[in-house]
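Accompanying notes for the structure given below.
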Amino acid sequence: MKVLLVEDDDGVAEALVEVLTAHGHQPRRVRHGADALTGHREADLVLLDLGLPDGDGLEVLHKLRRVTSVPVMVLTARGDERSVVRGLRLGADDYLVKPVRLAELLARMDVVTRRAAHRASAADPPEEITAGDVRIDLASRRVEVGGDLVSLTAKEFDLLAALARRAGAAVSRQQLMDELWGDAYVAISRSLDVHIAQLRAKLGRPNLISTIRGFGYRLEL
């Protein structure tokens with residue numbers, strides 16, 4: 001699997017990279033929490049230290065969980081009960097205290113990723129979503145309104161697809177910016193507003209996409 005290792009200690013990072021590579025994984029090591037927020041989309045699993053040079057790893061975990069369900073395993077020297085409980089409540093899939101036995105780490109990684117794969121397969125969205133007279137074909141990237149094909153830009157379709165995959169559910173601005181621009185916390189949020197406005201105008205169904213003030217948007221069914 002592709003593993004994003006967020007670890008600022010060179011010695012620990014080198015040892016983990018060596019072990020992960022030897023067991024067939026593809027590790028990518030970064031030092032900063034900010035790198036995790038931009039690099040998680042290419043990872044199957046994140047191994048996250050908490051003592052990072054640019055901030056608390058728990059805050060990084062909190063931000064990740066606002067935009068992605070990628071499995072995150074905390075791997076840290078911080079073993080006090082308060083930190084463990086907070087890490088798990090913030091959405092860590094597992095919490096290991098250093099020094100960790102490598103066989104146990106590898107076994108827990110397998111368990112976490114299998115569990116995540118099961119959740120993902122159970123939640124696979126349909127390839128076609130219908131909302132009123134709007135039909136969104138995710139596979140062919142076609143959108144029809146009242147039987148007529150609507151021409152959308154690639155980014156407009158990606159935005160509509162992101163909402164359609166979660167149709168009926170609220171989707172945060174951070175989730176949308178992360179999915180479309182690759183970084184929920186650097187992307188210019190005004191770009192999202194412009195694309196939403198263009199999408200509404202082209203679809204001609206102003207009530208199809210609802211604004212949830214202070215949070216994000218929802219595709220109405």
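The values are calculated or read from the model by the stated rules, or taken from the named source; none is laboratory data. For clarity, every value in this text was computed on a predicted model and none was experimentally measured. Note: ideal-geometry Cβ built from the backbone for every residue, glycine included; neighbour counts use all protein chains shown. Areas reflect the complete protein model, heavy atoms only, side chains present, ligands, DNA and RNA absent. Shrake-Rupley method; radii C 1.70, N 1.55, O 1.52, S 1.80 Å.
Taking a ≥ b ≥ c as the square roots of the Cα gyration tensor eigenvalues, the stretch 53-140 comes out prolate, since a/c reaches at least 1.5 and a/b is larger than b/c.
Keeping all protein chains in place and using 1.4 angstrom, which order do T21, T76 fall into by accessible surface area, from largest down?
Result of the area sort, largest leading: T21, T76.
Relative to the Cα centre, the charge distribution of the chain, modelled as +1 at Lys and Arg Cβ and -1 at Asp and Glu Cβ, gives a dipole magnitude of about 680 debye. With every protein chain present, what is the per residue accessible area of the stretch 1-121 (1.4 Å probe, Å²)? Result: 50 Å² of accessible area for each residue. For L5, the residues whose amide H sits under 5 Å from its own are R28, R29, V30, L47, ignoring neighbours fewer than 5 places away on the same chain, with H placed 1.01 Å from N. The C-alpha atoms of the chain define a longest principal axis, and helix 10-22 lies at about 70 degrees to it.
Per residue, the convex hull spanned by the alpha carbons of the stretch 67-116 comes to 70 Å³.
Taking all Cα pairs closer than 8 Å and separated by 6 or more residues, the relative contact order of the stretch 70-221 comes to 17 percent. List the lysines whose Cα sits under 21 Å from the Cα of K202, skipping any in the same chain fewer than 8 residues away. List returned: K155.
Measuring only protein heavy atoms, the 1.4 Å probe finds S140 accessible over about 60 Å².
So what's the angle, to the nearest 10 degrees on a 0 to 90 scale, between helix 154-164 and the longest Cα principal axis of the chain? Compared with the principal axis, the helix lies near 80 degrees. Rounded to the nearest 5, what % of the DSSP beta bridges within the stretch 1-65 are antiparallel ones? Here the share of antiparallel DSSP bridges comes out near 20 percent.
Scale the Cα Rg of the stretch 158-221 by the rule-of-thumb value 2.2 N^0.38 Å and send over the ratio, two decimals.
On the way: Rg = 10.8 Å, N = 64, 2.2 N^0.38 = 10.7 Å.
Its radius of gyration relative to the 2.2 N^0.38 Å reference: 1.01.
The listed residues H32, H23, H195 rank as H23, H32, H195 when sorted by accessible area, largest first, using a 1.4 Å probe. By how many degrees, 0 to 90 and rounded to 10, does the Cα axis of helix 102-122 deviate from the longest principal axis of the chain? Once rounded, the angle reads 10 degrees. Counting only protein heavy atoms and a probe of 1.4 Å, the accessible surface of the chain is 50% carbon and sulfur.
What fraction, in whole percent, of alpha-carbon pairs in the stretch 97-221 exceed 16 Å separation? Summing the P(r) tail past 16 Å for the stretch 97-221 gives 67 percent.
Remark on R142: its backbone amide H falls under 5 Å from those of D137, a criterion applied only to residues 5 or more positions apart or on other chains, H modelled at 1.01 Å from N. Rounded to the nearest angstrom and listed largest first, the equivalent-ellipsoid semi-axes of the chain from its Cα gyration tensor are 38, 18, 15.
Restricting the calculation to Cα atoms, the stretch 1-127 yields a radius of gyration followed by a Dmax of 13.9, 46 Å.
Quick check on the stretch 1-151: of the DSSP beta bridges with both residues there, what percent are antiparallel, nearest 5%? Expressed as a percentage, antiparallel bridges in the stretch 1-151 total about 45.
Alpha carbon centre of the stretch 1-70 versus the stretch 124-156: separation in Å? Taking the Cα centre of each part, the stretch 1-70 and the stretch 124-156 sit 36 Å apart.
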